[in-house]
Amino acid sequence: MCLGIPGELVEMPVDETDLALVSVAGVRRRVNVGLLTDEEDLAVGDWILIHVGFALAKIDEAEAQAALEMLHGLGPAYDQELADFTGSAVGREGL
Amino acid sequence: MTALDGEHAGGGTRSAGWAEDAVARHAGAEHLRSEEQVLERIERTRRRRPRVREDRITLAHGAGGKATHTLIEAVFLEAFRNPVLEALEDGAALDAGGARLAFTTDAFVVSPLFFPGGDIGDLAVNGTVNDLAMCGARPRHLSASFILEEGFPVADLQRIAASMARAAAAAGVEIVTGDTKVVRRGQADGCFVTTAGIGVRERPITLSAASARPGDAVIVSGPIGDHGITVMLARGELDIEADIVSDTAALHGVTADLLDAGGDGVRVLRDATRGGVATILNEIAGSSGVAVVVDEAAVPVRDEVVGASELLGIDPLYVACEGRLVAVVAPSRAGAVMAALHAHPLGAGAAVVGHVAEDPPGMVLLRTTFGGTRIVDLLVGDPLPRIC
Amino acid sequence: MRFVDEFRDADTARALAARIAALCEPGRRYAFMEVCGGHTHTIYKHGLEDHLPDAIRLVHGPGCPVCVLPMGRVDDAIAIAAQPDVIMTAFGDMMRVPGGDGSFFDAKAAGADIRMVYSPLDALKIARANPDRRVVFMAIGFETTAPSTAMTVLRAAREGIENFSIFCNHVTIIPAIKAILDSPDLRLDGFLGPGHVSTVIGCRPYEFIAARHGEPLVVAGFEPLDILQSVYQLMLQLAEGRCEVENQYSRVVPWDGNRRALEVIGEVMELRPYFEWRGLGFISHSAMQVREAYARYDAERLFAVPGVRVADPKACQCGEVLKGVLEPWQCKVFGTACTPETPIGTCMVSSEGACAAYYNFGRFSRERVRAGATGPTPLADPVMPR
Ligand code: SF4
């Protein structure tokens, strides 16, 4: 229901308007970062999630990396596993 | 969940007249039991002659999508019906006094009038030149009419005229007649331009959106959506900046090279303006009674257009170009056509984006980068920025 | 684009699809509801269902804020927009949503000054630039969007901008999910939780769904691999006999949400006693209104609106479709009286609605579309990689 797009912080807010400059594939817009709590201490190069001109969250790059590794782990290695699995009637029963 | 009665809602309850009418109009329709039957009925309904349901013109009627098609068919085609118009091509192919001519007209309203990469003047010349080129014609003469708003700066008009002159010289056409009207302040948005053009069809070929055949290659001549995104951003309302310029260009040169290479293997040429590539492909699929299958990964789109489109929630396939053409070419000539395109500066980014298939007729299908398939339908109106 | 392209990879999708298929119990059918319209959009846009076995059906839930907006509220907004000194501002999504007498586009054609904005801050900017006009922002959306509206009101207050107000239609997702769970004919095996709402509210508010209703829920991201992985996690839970709230979208969603965003909403807005949802009826505590302290920014208090409820035609079966009890094509008026051009029911209003999505993309049997889309493309090599 809510379009949120990742963007890279390229310039921190210069005044108290909380407007930072964010780049999405080279397209730039001022985005309000006032909803992010201070603990998150933003810095240029951070990635944030943009929704209607506001940053809703800082993207956790470690979590993203972990998710991707998990996904890629499902790849070719698993194909072998699957082949063994479907090859055996016992495996099917095991479900 | 607390279900409350209507009376709790404050000011009472009424019904929506238009919705009740719509239900009443279809009251006789029997309730179908199977999905296939329902889908078939929808297809029948869709094929019916369109009616304009709105009482007033809305912006959607000018967006090039379903609403525009409905308006054209229900109002203009209904009033002017003749075989040439019925083809609904970019221009009319005419035989007059032994000459094979192409004739077209186009009205230009763009806000802002000046944008990165061009202005309304370039658009007005290139747009009409391109419509003639898409008929396989060599553009020759143009007319230009101006509707000006009281108070419009003369300097701006001079700037527009200068870029029209430049564009005409580059396209090898002359603006040979014209007209000027001024309306009261508030009755127009600065400056509207209408151009018409005549070209000569020197080649013995007939191009038509109805000529695509299964197996044909579908080609676009370069990255799509540049113009639409540029203008959308240039309006300033979205506060988005990008290093991107309109692709406005006269395509007669690259078209001539393409036709030299492809000969009668070239079946359809269209410039992908309003409504973008998706709209053109739907027209081709509909007119030819074929399916058009597009490979998402093969469609050239610049990073900035992707970025802006993601941010605004729109699909670049529906975004306007002003210097890109879509060609449908017999498979045997596709290689030659691609080589010719790549040899021309305006075709350097050309790509085969898909092919024509038999079934389902009238449909545009997209094979997504994700490995799925979906239908690419006509939009009702403009692609609107969305937050959902 | 980073965090986007890598979550759209077809090979990974195929591997994941094989895992999902392997988890299907023979003869069993599964129905998962994606609550959020953004998920519906992703599913259709990327043709995600091609990767799912036939035994798994995705049910499109009520999570599109423009679709669930009652027609009477659109009428009220148009009544405000029709005042001579008013500039109404709205997201693009709102423009085509029908009210009892037409949409914002129709009202604009009839002379109202209605402008599309990308952000509520843009509406505030218009107010600054037009001090002699009253600028109203049509505020819609779930908890994702409400903080932005609230921040904009706070900014207006800080700057002392007096010609700006909001017409508040913000809704909350949990009561809507409750309403669906309470429906007696519900037949679901689990939920895909709305990822972007959860950046704000976190994952805890869903715990009752697993604990009390016995339905697993996975908070899902919006790229197609996110959704596929979430379906996989749901299937794993079912296979292992677990029923939990899981967070697939941990790169964006903190388990406890965004405290600051919740504070900002709470500062400016409070729950309404009840609010009408198209298709679901009146749901208590399911929407927000502007607090007394910010009354001067509340268009509902500043303008006299008709406040007349507009009933959906009797033939509408949106409630059943929203709950997944009926498929869109089973509605009596689907495709005849109710089409994307004349959407009489909520599920047809935005392209995310279940009926519109089905009409636009699902009309043809998947087999036929898949068959049509096979076959080689001549010279298929992308010249310009994306
Ligand atoms: S077809 Fe229209 S009325 Fe029927 S359920 Fe869908 S949106 Fe509602």
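The values are calculated or read from the model by the stated rules, or taken from the named source; none is laboratory data. Here the structure is a predicted model, which is why all the values come from computation and not from measurement. Here the Cβ positions follow ideal geometry from the backbone for every residue, glycine too, while neighbour counts run over all protein chains shown. The protein model used for the area step is the full one, side chains on, heavy atoms only, and it has no ligands, DNA or RNA in it. Shrake-Rupley method; radii C 1.70, N 1.55, O 1.52, S 1.80 Å.
Structure data summary
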| read-out | value |
| --- | --- |
| Residues (away from the ligand (no atom under 14 Å from the Cβ) and surrounded by fewer than 20 Cβ atoms within 10 Å (Cβ to Cβ)) located in the range C:306-327 | C:P306, C:G307, C:V308 |
| Conditions (1) open to solvent by less than 40 Å² (accessible area, probe 1.4 Å); (2) within 17 Å of B:T195 (Cβ to Cβ): number failed by B:E174 | (1) |
| Selection count, the range B:245-278, where residues are at pLDDT below 95 and within 14 Å of chain A (Cβ to nearest Cβ) | 0 |
| Qualifying position, being of a type in the set (A, V, I, L, M, F, W, C), open to solvent by 10 Å² or more (accessible area, probe 1.4 Å) and touching a strand residue (DSSP E or B) at 6+ places or on another chain (Cβ under 7 Å), among C:I87, C:I126 | C:I126 |
| Leading residue by the ranking (surrounded by the most Cβ atoms within 10 Å (Cβ to Cβ)) among those in the range C:223-258 that are out of contact with any Leu (no Cβ under 8 Å at 6 or more places or on another chain), assigned to a loop (DSSP other than H, G, I, E, B) and touching a residue at least 60 places away in the same chain (Cβ under 8 Å) | C:R251 |
| Residue check, B:V305 in contact with a strand residue (DSSP E or B) (Cβ under 9 Å, 6 or more places away or on another chain), closer than 19 Å to B:D243 by Cα and of a type in the set (A, V, I, L, M, F, W, C) | yes |
| Any chance C:A211 is open to solvent by 20 Å² or more (accessible area, probe 1.4 Å) and either more than 27 Å from B:I387 (Cα to Cα) or in the same structural domain as C:F142 (by TED's automatic domain parsing) (or both) | yes |
| Unique match (being under 30 Å from B:V200 (Cα atoms) and in contact (Cβ under 8 Å) with a residue 60 or more places away in the chain) among B:L269, B:L312 | B:L269 |
| Checking C:R296 against (1) at pLDDT 85 or above; (2) outside any loop (DSSP other than H, G, I, E, B); (3) near the ligand (Cβ under 10 Å from one of its atoms), the condition it does not meet | (3) |
| Top-ranked residue of the range B:341-350 - restricted to ones that are part of a helix (DSSP H, G or I) and open to solvent by 20 Å² or more (accessible area, probe 1.4 Å), ranked as nearest to B:T248 (Cα to Cα) | B:L346 |
| Lone qualifier among B:P139, B:P112, B:P204 - being part of a loop (DSSP other than H, G, I, E, B) and closer than 30 Å to B:V328 by Cα | B:P204 |
| Lone qualifier among C:G99, C:G92 - being assigned by TED's automatic domain parsing to the domain that holds C:C168 and touching a Pro at 6+ places or on another chain (Cβ under 6 Å) | C:G92 |
| Unique residue being within 12 Å of the ligand (Cβ to nearest atom), over 30 Å from C:N163 (Cβ atoms) and either surrounded by fewer than 18 Cβ atoms within 10 Å (Cβ to Cβ) or touching a residue at least 40 places away in the same chain (Cβ under 8 Å) (or both) when the list is C:G335, C:G353 | C:G353 |
| Strands (runs of 3 or more DSSP E) within the range C:101-191 that include 1 or more residues polar (S, T, N, Q) | C:164-170 |
| The range B:257-275, residues that are over 25 Å from B:P316 (Cα atoms) and either among the acidic types (D, E) or assigned to a loop (DSSP other than H, G, I, E, B) (or both) | B:D257, B:D260, B:D264 |
| Members of the range B:206-222 that are within 21 Å of B:L346 (Cα to Cα) and either in contact with a Ser or Thr (Cβ under 6 Å, 6 or more places away or on another chain) or open to solvent by less than 10 Å² (accessible area, probe 1.4 Å) (or both) | B:A217, B:V218, B:I219, B:V220, B:S221, B:G222 |
| C:A261 vs. criteria among the aliphatic types (A, V, I, L, M), assigned to a helix (DSSP H, G or I) and more than 14 Å from chain A (Cβ to nearest Cβ) | no |
| The range B:12-51, subset part of a loop (DSSP other than H, G, I, E, B) and surrounded by 14 or more Cβ atoms within 10 Å (Cβ to Cβ), residue modelled with the highest pLDDT | B:A16 |
| Identity of the residue in the range B:63-91, small (G, A, S) and in contact (Cβ under 8 Å) with a residue 24 or more places away in the chain, that ends up nearest to B:R138 (Cα to Cα) | B:G91 |
| For C:A371: the one exception among (1) modelled with pLDDT of 80 or more; (2) within 11 Å of chain B (Cβ to nearest Cβ); (3) more than 14 Å from the ligand (Cβ to nearest atom); (4) surrounded by fewer than 23 Cβ atoms within 10 Å (Cβ to Cβ) | (1) |
| Qualifying residue in the range B:192-205 (condition: out of contact with any helix residue (DSSP H, G or I) (no Cβ under 7 Å at 6 or more places or on another chain), open to solvent by 70 Å² or more (accessible area, probe 1.4 Å), of a type outside the set (K, R) and over 27 Å from B:I147 (Cβ atoms)) | yes |
| Only one of A:A67, A:A77, A:A83 that is more than 8 Å from every other protein chain (Cβ to nearest Cβ), more than 24 Å from C:Y118 (Cα to Cα), open to solvent by less than 70 Å² (accessible area, probe 1.4 Å) and modelled with pLDDT under 95 | A:A83 |
